[in-house]
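This report refers to the structure that appears directly beneath it.
Just so it is clear, none of the values below were taken in a lab; they were calculated from the coordinates. Values in this document were obtained by computation on a predicted structure and should not be read as measured data. A quick note on method: Cβ atoms are made from the backbone with ideal geometry, for glycine too, and the neighbour counts reach across all protein chains shown.
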Amino acid sequence: MSEITVTRRPNTADQVPALVSVIAPPALGALAPLLEPGLAALTAAATVCGSAAFAAHYVGRLPAGIVNATGIPDVLAAQRATLLGSSLLTSMAVVPSALLGPAYADALMVGFLDPASVSGIVSAAWWSVWGGLTYKLRPALAARKVRVPAPEPGAGPSNLPGPGGLYRIWADHISGEGGAHPGQHLVGVTDAGDLWEGIIEATQGKAVSVSAESVGSAYRVPAACVTFAPGAHPGEQYVTVRRTPPAELDPSTMEGMWARLVRPKVMPGTHLKDAQVDPATGGWVAWVVADDDVPALPVPDRKALVGALRSSMTLVDYQPHASDPRRGKIRIMDRNPLEDGVPFPGPQALEPSPGGYIAIGRGISGRVARLQLFDPVLGAQHVFIAGVTGSGKGGVVQIIALAAHLAGMAIIYADPKGSSNPDVADMAAYSATGPDSIQALRVGYALLQHRVSESERTGRKNFKATPDCPWVMVIVDETHMIADSSSPDSKEAVFILDKIAALGRSLGITLLIVNQAVNADKLGGSTALRTNVIQGGAMVMLRTDSAQSNLITVDGFEGIDPGAIPAAWSAEDEPLVWSDDIPIDDPARTFGLGYVGSPGEPVQMMRTWILESAAPYVRPGLITWPKDWPGWDDRHAVAETSLMPGDGDGPTGGGSGWGGDYSPPAGGGFTKAQPDAAGADAAVLAYMDTMLGLEVTKDDIRTLTGINEKTLSNALTVLVKSGAIERVRPGVYRKTL
């Protein structure tokens, strides 16, 4: 086999320590006698310390932090034997010279000229060791020519395995005279069959400038098959050449489809990793990973992502990683396994975990879709369900309510629509429907007041559920019907919902809001209510208005468009020209299809269990009520008592103590003529009577009395001075017995 000659040059990082190892022993040995005594002694001590340090490094006793601090730990490791030998030779030359003077130095340096003497033997041995050390360091000292196998005659460039053939092609087309990059040589090649790797070295003083196009042209592979990595300095670079294109260049692979269709515009700076068949769906699943120069994955627009993949909303699922911003999970399906429905497996599936999580359906990954109702440490967790009519939100409510019922939670149910979910009403300890639904909220609010008072009295920090003091769930179905400003009870309803959302968690009271949308204007304008419920618990998003996606700030919901969830799983494409002869299909609805997010749970496409009716699983003997509240027996009277001053059913019967001038206008809500000072004082005092012992903010007083800012400030000042109420802190008041 013929051979070719190539030049291999040492790296500067290897060359400098090698030169020092070779020069130091004779140079310092000859100079030591010429130094002043003090400096000579200092030099001798330094060489002894150096020998001790290199000896410790040789046996692995030198701390790694010290070795790494040098910046060349790999070089020190490779030359540890020669560095120790050089330091010992230097100490042998310098230390005696500092003590005995020039005579010893002369004997050591040139004593080999008299081989018969003792000094001649010592000198010859010293120089022999030095010569062996220098010979061993020759690869690190200077460039050298090496012979490598040449390619077989007639072999083509793309079929030359082994370093010899690769070197020859490089020399002919890149580094040789007339090549694309003269003087930039290839060394250290390893051939792995499907790819080969090597090191590009430029002439000293110049940087590597070899391009992927030049390498690809020389070896007849696409430029994308050539990658580079930085070396130890600008004159060095690692090169990897694949003989077959990577998956991302093959349009038939998932990686290739991503690189061609998604990466350019939808998710730039990303690539796929570990693409494989997904056993849960029969389609593909892969990690979406940020490129090295991208700190985090961009948030994709789900509709744009689906369009780029030439698919449909029900056949693509993107799931951000819960803790790693540089990773996400993508699934592409030919058919969604959730289309067949997920039958309710039985009440055992609803048993809460020790952390308060319940399963409400099945995720696209095959994992159950869960949300948290309560946390043993943090307290109750609120739930918000958003979905238009027909999206399946009634089924979600039924499943969550059944889980709460079977777990021994006390349910208080308000249904302004009047016929949303009769089975939930059968599980409730108290329910109110239609125009009377405000009564359920009043009962929930009275329970909240009691638990606030008990918490202050006992100094209880965390809620602990017991059979006599159970978890409570307040369910408000079709919340917009009672919270919207057009409802005559809206002001009172929003006030109560705000309080339960803000205080209920630490008191064991879960608030379940069920609504067609999450807009603040559908919740009485209360953004605080929306934030406390969504941020303080779980979110179930079914098919609803696309604008809702901008209002959900929970991690994992970024980019989800609930308006893009289709109403049906499949339907014939709409024809270009309509004809009455074309039959109208009635495809299966996508009820229950959506996304669920809860603390500690990934947000993924899911579908709720299919449960037509919960009635067979309701256990009348398990219906629980809050036994810790002494006022439970009077709940019906509480339900009839409005919190709003001026209501004929209010605590004072609408007498003059409340101002007596509230009346529902034609458009709903309440209007109020401005009271005089005495009327304002009486209205405030009457309201504070209903909040006996509780701290109330000035904003709450203004909301529920309708008194303007200036009049209210004067009334509060008068009442505080008279001792009728007390000012706990700025903006917060309380009435005590």
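When Phe463, Phe557, Phe228 are sorted by how many other C-beta atoms sit within 10 angstrom of their C-beta, beginning with the fewest, the order is Phe228, Phe557, Phe463.
With 27 Å as the limit, write out which pairs from Lys393/Lys491; Lys417/Lys464; Lys491/Lys698; Lys461/Lys735 have Cα-Cα distances beyond it, or answer none. Working shown, then result.
Working: Lys393/Lys491 25 Å; Lys417/Lys464 34 Å; Lys491/Lys698 16 Å; Lys461/Lys735 23 Å.
Pairs exceeding the cut-off: Lys417/Lys464.
Once both labels are positioned 7 Å from their Cα atoms along Cα-to-Cβ, the gap between Thr531 and Ser486 label points is 2.8 nm.
Taking a straight line from the alpha carbon of Lys206, these lysines sit under 29 Å away, with near neighbours fewer than eight places off in the same chain left out: Lys136, Lys145. Among Arg460, Arg327, sorting on how many other beta-carbon atoms sit within 10 Å of each Cβ, with the fewest leading, yields Arg460, Arg327. Here the gap between Arg457 and Ala615, fully extended at 0.36 nm per residue and compared with their Cα-Cα distance, gives a gain of 52.9 nm. A cut-off under 15 angstrom between Cβ atoms defines the neighbours of Ile725, and their net charge, with Lys, Arg +1 and Asp, Glu -1, is +2.
Summing charges over all other residues whose Cβ lies under 13 Å from the Cβ of Ala55, with Lys and Arg as +1 and Asp and Glu as -1, gives +2. Working note: Karplus 6.51/-1.76/1.60 with θ = phi - 60° gives segment 458-472 the couplings 8, x, 6, 8, 10, 7, 10, 6, 9, x, 8, 9, x, 4, 10 Hz, where Gly and Pro are set to x. Report the local net charge at Ala349: Lys and Arg +1, Asp and Glu -1, summed over other residues whose C-beta lies under 15 Å from its C-beta. So the environment of Ala349 carries a net charge of +3. The H on the amide N of Arg327, modeled in the peptide plane, is under 5 Å from the matching H of Leu297, His321, each at least 5 residues off or on a different chain.
For segment 265-321, trypsin sites (Lys or Arg not before Pro) meeting the loop criterion (DSSP other than H, G, I, E, B) and having at most 11 other Cβ atoms within 10 Å: Lys265, Arg310. Scanning residues 5 or more positions from Asp291 or on other chains, those with amide H under 5 Å from its amide H are Thr270, His271, with H placed 1.01 Å from N in the peptide plane.
Close amide H partners of Thr433, meaning residues 5 or more places away or on another chain with modelled amide H under 5 Å apart, are Asp415. The distance between label points at Lys721 and Thr244 comes to 9.2 nm (points 7 Å beyond Cα on the Cα→Cβ vector). Under 21 Å of direct C-alpha separation, and excluding same-chain neighbours fewer than eight residues apart, Lys329 reaches these lysines: Lys265, Lys273, Lys303. Separation of segment 290-357 from segment 56-86 is 51 Å, based on Cα centroids. Under the simplified labelling scheme, the Val728-Ala64 pair shows an inter-label distance of 5.6 nm, with each label point 7 Å from Cα along Cα→Cβ.
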